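Accompanying notes for the structure given below.
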Ligand SMILES: O=c1[nH]cnc2c1ncn2[C@H]1C[C@H](O)[C@@H](CO)O1
Ligand SMILES: [Zn+2]
């Protein structure tokens, strides 16, 4: 079996569960829309400088400061035209990166200052994903599902959860909460999570990124999260002895036993200070211990990354081979919020044959 090169990784059929729509805009698009809509606060109107600005400003080591950069992306996503364009380009960019299934999230409540209703926002984004998913021959190259996020410092989670249920048959596959984690525990939104459970709906919760085990514990044991956004701090409940043997605390054991998916985003974690380097990122240990680890981008613009980029960094840091990359990918597909038979069809019909072809390529 060969060692995966970057170009081969790009060609592999990949799955992405944690990617923010407002964290993945093309810089040219931000500049175009800012010009057309009169948004005058961009730090630069040169695409390369603007890209560098986003990356540097996101490198602060603090989640709160990292989140400030979204003012500019959200700022240019306030019209139907802008939302359709951004979503279409997102689907195109992911398909060009070899992603075959993606769940992309954003917070509808942040896109109404130009006068759109929540429903109009959701419909514009779904339309953009539909357009951007189509290849030149008119057949889809990628499947994109939407996750609707509620901002954890706001009080609109119930409304957004209802929105997610209302659009569940039109392309919305789940719900999430995001934003500053410290001081905003998941249980603040318990009514929304309980409502979703009664509706048999799926949700993930950003937890264990900028705050530790109590956040993860609440997300799972109080709120009933299907998956954890990041979840890196679960390592605080794992002790390693000198000979490398790991002892799992009760919460870590629960997460592993129940196969709760971890939506890990290595580069983003370095920028917000949740991990010191890729080589020291908890993903290495969690993969070794067979937690249900998935690999994600979080914010492609802020981290200047892609799924291919994240995989390539892990190959470099941990010496991962094709079997590891396929394992992450199958984990992600198993953990997706679409029906079981559709997940299985993608695993057996697209992912496994695609990896098999690349593994033995000369
Ligand atoms: O990694 C993250 N942690 C918490 N919140 C985040 C992260 N990345 C993006 N967000 C926020 C900022 C966006 O405006 C919002 C919706 O996508 O979600
Ligand atoms: Zn995120």
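Where a number appears in this text, it was derived from the coordinates with a stated rule and is not lab data. All values reported here derive from a predicted model rather than from experimental measurement. When we count neighbours, we look across all protein chains shown, and the Cβ atoms used for this are built from the backbone with ideal geometry, even at glycine.
Listing for the model above:
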quantity: Stretch gain in nm, segment residue 113-residue 45, where the contour uses 0.36 nm per residue and the Cα spacing is subtracted; calculated: 22.2 nm
quantity: Extension gain, residue 190 back to residue 158 (0.36 nm per residue minus Cα-Cα distance, nm); calculated: 10.6 nm
quantity: The chain, Cα convex hull volume normalised per residue, Å³; calculated: 134 Å³
quantity: Simple spin-label estimate for residue 64 and residue 170 in nanometres, 7 Å along Cα-Cβ; calculated: 3.8 nm
quantity: Distance from the range 44-65 to the range 276-335 (C-alpha centre basis), Å; calculated: 23 Å
quantity: GNM flexibility winner over the chain from 57, 161, 274 (Cα, springs under 10 Å); calculated: 57
quantity: Distance (nanometres) between label positions extended 7 Å along Cα→Cβ at residue 2 and residue 37; calculated: 4.3 nm
quantity: Rounded, prolate or oblate (a/c below 1.5 giving rounded, otherwise prolate when a/b exceeds b/c) for the range 85-162 by Cα gyration tensor; calculated: prolate
quantity: Calculated [θ] (222 nm, deg cm²/dmol) that DSSP helices of n ≥ 4 give over the chain, each run adding -39,500 (n - 2.57); calculated: -12500 deg cm²/dmol
quantity: Label-point separation, residue 259 to residue 221 (7 Å along Cα→Cβ), nm; calculated: 2.3 nm
quantity: Tensor-based shape of the range 301-362 (alpha-carbon gyration tensor, a/c under 1.5 rounded, otherwise prolate or oblate); calculated: oblate
